[in-house]
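Shown next, in C-alpha cells, is the structure this report addresses.
All of the numbers you see were taken from the coordinates with simple rules; none came from a lab. On a predicted model such as this, the values are computed, not experimentally measured, just so you know. Cβ: placed from backbone, ideal geometry, glycine included. Neighbour counts: every protein chain shown.
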Amino acid sequence: MSKVMILFGSSTGNTESIAQKLEELIAAGGHEVTLLNASEAAADNLADGYDAVLMGASAWGMEDLELQDDFAPLFDEMESMGLKGKKVAAFASGDMEYEHYCGAVPAIEEKAKGLGAEIICEGLKMEGDASSDADAVASFAQDVLKGL
Ligand SMILES: Cc1cc2nc3c(=O)[nH]c(=O)nc-3n(C[C@H](O)[C@H](O)[C@H](O)COP(=O)(O)O)c2cc1C
C-alpha cells in the first residue's frame, strides 16, 4: 500500500472532479489517498510522508501559460515540497482551443523531474470534467496504479 496525495487547482470544478474520481479509483486499488485542494495547501514539505503525489491544475492564459490561481503559487514553490525520490504524475482539464492545451501537465512533469521526482506515467490531458471522458480517467488511474 502506498500513501498518495492528490493535489489539485480548479476554478470551475472540472479538474476537481477528475481529482475526486482519481481519489476513488486509486483508493479502490488499495492505497491510502489524501485529496487536497491547492486553495488550502502550502508548499513547504507538502510531500512529506507520501510515496506519490498526483498534481492537477487547469490553465487560464491566452498566449502565455497561466496556471490556475490557487495552484500557481504552489507550482512556483515546488522546490520546497520535498519531491526528490517521490513518484509523481500530472493531470489537467483544458480546452483544445487554447495554445497551451492542458499546459499544466508538461509544466508539472518537467519541474518535478528537475527536482528529482520520478514521473510514473504519461499525464492525463482531457476536456471537461471526469464524466466527459470516464475511460481516459480510468486508464490514467490504471497507469498510476501500475507505477505505485
Ligand atoms: C481566458 C481563458 C483562458 C484559458 N486558457 C487555457 C489554456 O491555456 N489551456 C487550456 O487547456 N485551457 C484553457 N482554458 C480552458 C479552461 O482551462 C478549461 O475550461 C478547464 O476545463 C477549466 O478547468 P477547472 O474547472 O478545473 O478550472 C481557458 C479558458 C479561459 C476562459
Quiz prompt | Distance (nanometres) between label positions extended 7 Å along Cα→Cβ at D51 and Q142 | solution = 2.1
Practice problem: Calculate, axis by axis, the spread of Cα positions in segment 14-148 along the three principal axes, and write the results as whole Å, longest axis first. | Solution: 37, 32, 24
Quiz item: Percent of alpha carbon pairs in segment 77-148 separated by more than 14 Å?
Solution: 61
Quiz item: How large is ³J(HN,Hα) for each residue in segment 60-72, as worked out from phi by the Karplus curve 6.51 cos²θ - 1.76 cosθ + 1.60 (θ = phi - 60°), to whole Hz, x for Gly and Pro?
Solution: 9, x, 9, 8, 8, 6, 10, 6, 3, 3, 6, 7, 3
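Semi-axes of the equivalent ellipsoid for segment 44-119, please: Cα gyration tensor eigenvalues, times 5, square-rooted, ordered largest first, whole Å. Mind dumping the intermediate values first?
Working: eigenvalues 105, 28, 19 Å².
Its equivalent ellipsoid spans semi-axes of 23, 12, 10 Å.
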Quiz item: Which whole-number percent is the relative contact order of the chain (Cα, under 8 Å, 6+ apart)?
Solution: 26
Practice problem: Name the residue, out of A19, A89, A107, whose mean-square fluctuation peaks in a Gaussian network model built on the chain with Cα pairs under 10 Å. | Solution: A107
Quiz item: With a ≥ b ≥ c the root eigenvalues of the C-alpha gyration tensor of segment 109-148, is it rounded (a/c under 1.5), prolate (a/b larger than b/c) or oblate?
Solution: oblate
Quiz item: Hey, if you put +1 on the Cβ of every Lys and Arg and -1 on every Asp and Glu Cβ in the chain, which of A38, N14, V4 ends up farthest toward the positive end of that dipole?
Solution: V4
